[in-house]
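Remarks on the structure that follows.
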Amino acid sequence: MKTAIFACRMLEQELCSILQTSGDSYVLKWFEKGLHNSPERLHNALQQELDNLDSDISRVILTYGYCGGCISGLHSKAQIIIPRVDDCLTLLLGSHARRLEFSEHGSGAYFLTDAWIDSDRSIAVEYDYTIKKYGPEMGKEIFSMMFRNYSLVALLDTGLSPLAAAEQKSREIADALGLRMEIVPATLDYLRALISGPWPRERFVVLEPGQSLTPAQAGTMMNSERSEI
């Protein structure tokens, strides 16, 4: 029996690095970055592929977390493995607890990766669009309101590629928003564990064939102490 990986292209560089050294064979299905902008569309795309699985696939690994609720209601004739994270940025930070460290003192971090910066819906693209639509004064006021609870733009560094261009763009974004900018070390450990297993309950949700997540379960899946899944 085979294992399939349903992967977001936001993690293409990181996942390919892991698979090159894994020594295992997987059926790999990529999903485009833009689907993140609509959790409903992303859910439908994932479910369609789950419905059309080949009969010899017994397990599906999702490189998605909660991601706006896109996983709610997903089901399959195969086992489904899902990391207990809110999104792929938490996967690269290594844990939900580490992400929360950045908001312990009342101000949060806006996380970026080079893939996010290069996407057609990046914060830089959205900022430019807002300035053009509403003008410099109103555009900056809108973004100041949007980012009033942030103090930091954090660029994640996995060590897989040079960050010079991404760092420059990140600093430009931080300067435009009046925030600090830092490069934050990332890790592939969580993503590697997701691919290779085992899948302990405190870090992963394991749905057996025919099971699905209710909206309530999906919303609490990151808290393994409360979750029943």
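Select from the stretch 82-124 the residues that are within 12 Å of the chain's Cα centre (by Cα) and acidic (Asp, Glu) and list them in ascending order.
Within the stretch 82-124, ASP86, ASP87 qualify.
Working only within the stretch 119-150, note down all residues that are of a type in the set (A, V, I, L, M) and within 18 Å of GLY178 (Cβ to Cβ). Lay out the reasoning, then the answer.
Taking the stretch 119-150 first, the residues of a type in the set (A, V, I, L, M) are 123-125, 131, 138, 142, 145-146.
Matches in the stretch 119-150: ILE123, ALA124, ILE131, MET138, ILE142, MET145, MET146.
Can you name the helices (runs of 4 or more DSSP H) wholly within the stretch 126-229 that have at least 1 residues being at pLDDT 90 or above, within 21 Å of the chain's Cα centre (by Cα) and surrounded by fewer than 16 Cβ atoms within 10 Å (Cβ to Cβ)?
189-196
When the stretch 26-59 is examined, which residues are found to be among the basic types (Lys, Arg) and over 17 Å from the mean Cα position of the chain (by Cα)?
Across the stretch 26-59, the qualifying residue is only ARG59.
For the stretch 164-173, indicate whether the set of residues that are among the acidic types (Asp, Glu) and out of contact with any Ser or Thr (no Cβ under 7 Å at 6 or more places or on another chain) is non-empty.
Yes.
Which of the residues that make up the stretch 114-125 are assigned to a loop (DSSP other than H, G, I, E, B) and surrounded by 14 or more Cβ atoms within 10 Å (Cβ to Cβ)?
To start, the set of residues in the stretch 114-125 that are assigned to a loop (DSSP other than H, G, I, E, B) comprises 118-122.
Correct list: ASP118, SER119, SER122.
If a residue must be in contact with a Ser or Thr (Cβ under 7 Å, 6 or more places away or on another chain) and modelled with pLDDT of 90 or more, how many such residues does the stretch 11-26 contain?
So the count comes out to 5.
Is it true that SER72 is under 23 Å from ALA193 (Cα atoms), of a type in the set (Gly, Ala, Ser) and either more than 14 Å from the chain's Cα centre (by Cα) or modelled with pLDDT of 90 or more (or both)?
Judged against the criteria, SER72 is a match.
Which one of these does GLN48 not meet: (1) modelled with pLDDT of 95 or more; (2) under 25 Å from SER95 (Cα atoms)?
Checking GLN48 against (1) modelled with pLDDT of 95 or more; (2) under 25 Å from SER95 (Cα atoms), the one that fails is (2).
Need a quick list: strands (runs of 3 or more DSSP E) entirely within the stretch 1-104 having at least 2 residues that are in contact with a strand residue (DSSP E or B) (Cβ under 9 Å, 6 or more places away or on another chain) and closer than 18 Å to THR158 by Cα.
2-8
If only one of SER212, SER196 is hydroxyl-bearing (Ser, Thr, Tyr), in contact with a helix residue (DSSP H, G or I) (Cβ under 7 Å, 6 or more places away or on another chain) and assigned by TED's automatic domain parsing to the domain that holds CYS67, which one is it? Break it down stepwise before answering.
Numbers: SER212 fails: in contact with a helix residue (DSSP H, G or I) (Cβ under 7 Å, 6 or more places away or on another chain).
Exactly one of SER212, SER196 is hydroxyl-bearing (Ser, Thr, Tyr), in contact with a helix residue (DSSP H, G or I) (Cβ under 7 Å, 6 or more places away or on another chain) and assigned by TED's automatic domain parsing to the domain that holds CYS67, namely SER196.
The values are calculated or read from the model by the stated rules, or taken from the named source; none is laboratory data. Owing to the predicted nature of the structure, the values given are computational and were not obtained by experimental measurement. Here the Cβ is made from the backbone with ideal geometry for all residues, glycine too, and neighbour counts use every protein chain on show.
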